[in-house]
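Asker: Below is one structure. I have some questions about it.
Read the figures in this text as sums done on the coordinates, not as results from a lab. What you are looking at is a predicted structure, and each value in this text was computed from that prediction instead of being measured. Cβ atoms come from the backbone with ideal geometry, glycine included; neighbour counts cover every protein chain shown.
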Amino acid sequence: MTTTATIAALYRWPVKGLSAVGLNEAAIEQDRPLAHDRRWAIERAGPVFDAANPRHVPKGKFLQLVNTAQLAALDIRHDAATDTLTLLRGGKVVAEGRLTTPEGRAAIERFLADFLGDAAPARPRIVGAHRFHDVPKPFLSLINLATVRAIADLVGKEVNPLRFRANIYIDGLPAWAEFDWVGRKLAVDGEPLFMAEERIGRCIATGVDPDTGERDLHIPRTLLDAFGHKDCGLYLRPVADGLLRPGMTIEAGQAP
């Protein structure tokens, strides 16, 4: 059985619901999510996050493609050193602001309010700095590109891997073989770095094309019909500090 793959790409998603930032390398810290990943979010229907008493908030309370498809028209740049977010539409800068300042957040919020109009039930409000992940655990997410290609064969069209909004994309492993990694330690270039904790159950957000905003697939239903589950990808927990780069090998240890 093949247990070794290659890291094909790395991403972080600085603002929940907006586009990704590709990475040439990523520093990993034990029992912590990826730095600057989902550190900010945009409330869609009034205040739900209390910065003075931070807690996990269900993802549906924030702007995301599944409830606000217009976001697909926006690209971002994000300077991690200053937390400056730049929004682009058609390659043109349309808004910019430093998210750690009220003035910077307000600049982004004004644009989003005008851009989204009635598509946002209330005036968008940027909140952070926190962990706005789908689960309240210090995980990174992994997707096997062979599995994405297998899903594309099922639906009869190309499937953009970014629909799954993962941190780590791997290749060289057979489709679905990553499920055999659950409960095993993963070594990156020979250094034990992760524990593969659990499979990721998918929601209808994966049915939205991240390039167009079109709701053109129902991936959870496709998976349920074909396999009896709606899982794609793995949650990984860092068990040591380390560094990831595309091209590195990632290998599963012996099953428990």
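Asker: Take region 1-33 and flag every residue that is under 30 Å from P124 (Cβ atoms) and among the aliphatic types (A, V, I, L, M).
Answerer: To start, the set of residues in region 1-33 that are under 30 Å from P124 (Cβ atoms) comprises 9-23, 26, 32-33.
Once the filter is applied, which keeps residues that are under 30 Å from P124 (Cβ atoms) and among the aliphatic types (A, V, I, L, M), region 1-33 yields A9, L10, V15, L18, A20, V21, L23, A26.
Asker: Under 7 Å between Cβ atoms, at least 6 apart or on separate chains: pull out the pairs that start in region 34-47 with a residue that is within 8 Å of V127 (Cβ to Cβ) and end on any residue that is aromatic (F, W, Y) and outside any loop (DSSP other than H, G, I, E, B).
Answerer: Listed by first residue and then by second, the contacts come to A41/F62; I42/F62; E43/F62.
Asker: Yes or no: region 164-179 includes at least one residue that is in contact with a Gly (Cβ under 7 Å, 6 or more places away or on another chain) and touching a residue at least 40 places away in the same chain (Cβ under 8 Å). It would help to see each step written out before you state the result.
Answerer: So the first thing to find is which residues in region 164-179 are in contact with a Gly (Cβ under 7 Å, 6 or more places away or on another chain), and the list is 164, 166.
After this cut, where a residue has to be touching a residue at least 40 places away in the same chain (Cβ under 8 Å) as well, the list is 164, 166.
Checked region 164-179: at least one residue is in contact with a Gly (Cβ under 7 Å, 6 or more places away or on another chain) and touching a residue at least 40 places away in the same chain (Cβ under 8 Å).
Asker: When both residues are 6+ apart or on different chains and their Cβ atoms are under 7 Å apart, which pairs have a first residue that lies in region 207-235 and is touching a residue at least 12 places away in the same chain (Cβ under 8 Å) and buried (at least 18 other Cβ atoms within 10 Å of the Cβ), and a second that is assigned to a strand (DSSP E or B) and of a type in the set (S, T, N, Q)?
Answerer: G233/S141; Y235/S141
Asker: A further question follows. Spot the failing condition for I250; the list is (1) in a strand (DSSP E or B); (2) surrounded by fewer than 18 Cβ atoms within 10 Å (Cβ to Cβ), and only one is missed.
Answerer: Of everything listed in (1) in a strand (DSSP E or B); (2) surrounded by fewer than 18 Cβ atoms within 10 Å (Cβ to Cβ), I250 misses just condition (2).
Asker: Of (1) part of a loop (DSSP other than H, G, I, E, B); (2) within 21 Å of the chain's Cα centre (by Cα); (3) of a type in the set (A, V, I, L, M), I76 satisfies all except one. Which?
Answerer: The number of the failed condition is (1).
Asker: To continue, here is another question. Which residues, taken from region 114-149, are over 17 Å from C232 (Cα atoms) and among the hydrophobic types (A, V, I, L, M, F, W, C)?
Answerer: Our first condition is that a residue be over 17 Å from C232 (Cα atoms); within region 114-149, this holds for 114-132, 136-138.
Matches in region 114-149: F115, L116, A119, A120, A122, I126, V127, A129, F132.
Asker: Would you call H36 in contact with a Pro (Cβ under 8 Å, 6 or more places away or on another chain) and part of a strand (DSSP E or B)? I'd like the intermediate steps shown before the answer.
Answerer: On the way: in contact with a Pro (Cβ under 8 Å, 6 or more places away or on another chain): yes; part of a strand (DSSP E or B): no.
It is false that H36 is in contact with a Pro (Cβ under 8 Å, 6 or more places away or on another chain) and part of a strand (DSSP E or B).
Asker: Let me ask you something else. Do the conditions hold for V182, that is, is it among the aliphatic types (A, V, I, L, M), crowded, with 19+ Cβ neighbours inside 10 Å and either touching an Asp or Glu at 6+ places or on another chain (Cβ under 7 Å) or over 26 Å from A73 (Cβ atoms) (or both)?
Answerer: On the way: among the aliphatic types (A, V, I, L, M): yes; crowded, with 19+ Cβ neighbours inside 10 Å: no; either touching an Asp or Glu at 6+ places or on another chain (Cβ under 7 Å) or over 26 Å from A73 (Cβ atoms) (or both): yes.
Taking the combined requirement at face value, the residue does not satisfy it.
Asker: In region 94-125, which residues are exposed (fewer than 14 other Cβ atoms within 10 Å of the Cβ), among the hydrophobic types (A, V, I, L, M, F, W, C) and under 22 Å from the mean Cα position of the chain (by Cα)?
Answerer: Correct list: empty.
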